[in-house]
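The structure appears below as structure tokens.
The values are calculated or read from the model by the stated rules, or taken from the named source; none is laboratory data. Predicted model, so just to flag it, every value in this text is computed and none were measured. All Cβ positions, glycine included, derive from the backbone under ideal geometry; neighbour counts span all protein chains shown.
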Amino acid sequence: MNAVAEARLKDRRRTMAGPVGCGLCGIDSLEQALRDLPVVAHSDFAMTPAQIKGAALALPGQQALHDATRAVHCAAWWADGGIRLAREDVGRHNALDKLAGAMLRAGAVSVRASTHPTDGNAHRTPVQGAIVLTSRISIDLVQKVAVIGAPILIAVSSPTADAVALADALGITLIAQARQDRFDVFTHTDRIATETEHVR
């Protein structure tokens, strides 16, 4: 571990080892969990309501481990009309971490030297696609989606109020309670296209 990383770890003052990859266990305040992340830049990527509902409905087909155990979460990357990658884990944070690694290996997201902005106008280059999760959405998951650079986050469960505020600040379209017949859009509604518009 280099000196800069070690200093950041000490600043977080964690008092216990966390069982999953949320980054919150053992810290003294919520402010310590918030990272200084660039905003996901605007792009022409959008999804129609039918695609959003279809992405959520496609998740069960990616959950072989859940079918066997009924005890794990799934994180998936939707792009070009379907789910391209999916990963499962008992921890919702770990599932998203696994997906991020798979996306990196597949070339869907690029390696960056730093995710910290150099100024107040710094933006994260967006990937073309959406992250789809089976879990509720908290600030730590929003931060991970921002690091990936995904412009849209879809969940079948609910977000916390802090997660909604953070997604709004980071330029992420947050969609939750996605079902066969409905979904709720909390932030950046401009990425929701009409059914007649061309969607990439």
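Rundown of residues vs (1) more than 20 Å from D89 (Cα to Cα); (2) at pLDDT below 95; (3) of a type in the set (D, E), yes/no style:
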position: S135; (1), (2), (3): no, yes, no
position: S138; (1), (2), (3): no, no, no
position: V142; (1), (2), (3): no, no, no
position: G149; (1), (2), (3): yes, yes, no
position: I152; (1), (2), (3): yes, no, no
position: R182; (1), (2), (3): yes, yes, no
position: H188; (1), (2), (3): yes, no, no
position: I192; (1), (2), (3): yes, no, no
Determine which single condition V164 fails, assuming it passes every other condition in (1) of a type in the set (V, I, T); (2) under 23 Å from C74 (Cα atoms); (3) not in a helix (DSSP H, G or I). (3)
Inspect all residues belonging to the stretch 95-104 and state whether any of them is modelled with pLDDT of 90 or more, surrounded by 12 or more Cβ atoms within 10 Å (Cβ to Cβ) and of a type in the set (D, E, K, R). yes
Kindly indicate whether A58 is part of a helix (DSSP H, G or I), exposed (fewer than 12 other Cβ atoms within 10 Å of the Cβ) and modelled with pLDDT of 75 or more. no
Residue selected from the stretch 158-181 under the condition over 24 Å from P38 (Cα atoms) and touching a residue at least 24 places away in the same chain (Cβ under 8 Å), by the criterion surrounded by the fewest Cβ atoms within 10 Å (Cβ to Cβ): D181
Looking only at the stretch 69-100, and only at residues there that are over 15 Å from the mean Cα position of the chain (by Cα) and β-branched (V, I, T), the one that is nearest to L59 (Cα to Cα): V72
